[in-house]
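K.L.:
Quick one: the structure is below, questions incoming.
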Amino acid sequence: MLALMQYYLSKDFTVFLARSAEEALEVLQREQLHAVVSDQNLGDGLMGVDLLKRVAELQPHAARILVTASQKLEDAQKAINEARVNHFLTKPFTEQELKNTVGQAVHNAALLSIRDKMVQELKEQLGLRPAKPAAGAVAKPGVSTPTARAKTPEPRPVDAKVGSQSLIPESERLAFRDGLTGLYNHRYFQEALSAGLVSARRREQKLALVLVDIDGFRRFNLSRGYAEGDKLLRRVAQLVNELMEDPVTHARSDNSSEIAARYDWDVFGVVLCNADAERARLYAEKLRKAVEDFDFPEGSGGDIGEVSVTAAVAVFPDHARNEQELISAAEKTLRASKASGPDRVMLATKS
């Protein structure tokens, strides 16, 4: 099975093959990994959970994937609690399931690394801790089998405190959240979109970008005042985020690139992973209708029908081949939609 896993994964990742727990630990000592994939039964009295527990100690940022035939809840709970296992592969699994699981682990690792870096930069700017050299980068995501390892950085603990409150939540919020709406900020949006496109290209999936503009927001600010404008932004942002669910399952995606962000002053950006033009259009239309019908509470900045949004939808690879082309297609479509009149959804045309 190891040779087969190596064959499948080596098409997309740099793979380190370990045929025993001892070999796996040697790899962990000399290589910086992104993810580790381990079978539960390793022989020699060592279980996969035991190895992944050591992975958590030696390389806490590496994603941990356990391959198992067990479907018992208590086994999963033990793996999560003792080894902080991030993903499970249940036997028997297909090539696509293997590649999807490892790909998602590496993808999440990249985004968490970005978030960790952004938080670290902010802490250094605030003088919370001395700068540290960045960890060594790997040209291609690394994988070690029997553990498929992918480095997944997690927020690091911070010793500095203000009064009795830890600075971790506040520094993280400042680093990649918009202060007014609570959505992700533009910088994190760009990083998430970039990582999402890498994942979509690897999996041969589609990815949709939706830009949402509040119609007449500048005029609204002048007539109602900036305080009311801020309230309106927060309420529309809440709708943008709440409606990001799969139209069939009504569940939010667990893909960490599927996010809502404040793209510009009165524009929101939404990344929908594994989404075609129809799913993205339905989301945008549902949002447009929700804003149009929303009975804004007194003091929230609007009455029923007074506030509307215009949205543009662009899809990779239908309308663009890369990140810049996708953003350009969405922005061009949004301008065209606004020029045609408010309160509408427009789909990009093929270039």
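K.L.:
What shape does the stretch 1-84 have by the C-alpha gyration tensor, where a ≥ b ≥ c are the square roots of the eigenvalues, rounded means a/c under 1.5, and otherwise prolate means a/b greater than b/c and oblate the rest?
P.N.:
Prolate, because a/c is 1.5 or more and a/b exceeds b/c.
K.L.:
Past 20 Å, Cα to Cα, is the threshold; run K99/K206; K206/K350; K72/K99 against it and keep the listed order. Kindly include the intermediate steps, with their values, before the conclusion.
P.N.:
Working: K99/K206 17 Å; K206/K350 14 Å; K72/K99 24 Å.
Violating the 20 Å Cα-Cα cut-off are K72/K99.
K.L.:
Which whole-Hz ³J(HN,Hα) couplings does the stretch 4-11 yield from phi under the Karplus relation 6.51 cos²θ - 1.76 cosθ + 1.60, θ = phi - 60°, glycine and proline marked x?
P.N.:
After applying 6.51 cos²θ - 1.76 cosθ + 1.60, I find 5, 4, 4, 4, 5, 7, 5, 5 Hz.
K.L.:
When you count, for each residue, the other Cβ atoms within 10 Å and take the mean per peptide, how do 34-41, 285-292, 68-75 rank with the highest first?
P.N.:
In descending order of packing, they fall as 34-41, 285-292, 68-75.
Here, each number is a calculation from the coordinates, and none is a lab measurement. Everything numeric here is computed off the predicted structure, so don't read it as measured data. For neighbour counting, all protein chains shown are included, and Cβ atoms are generated from backbone atoms with ideal geometry for every residue, glycine included.
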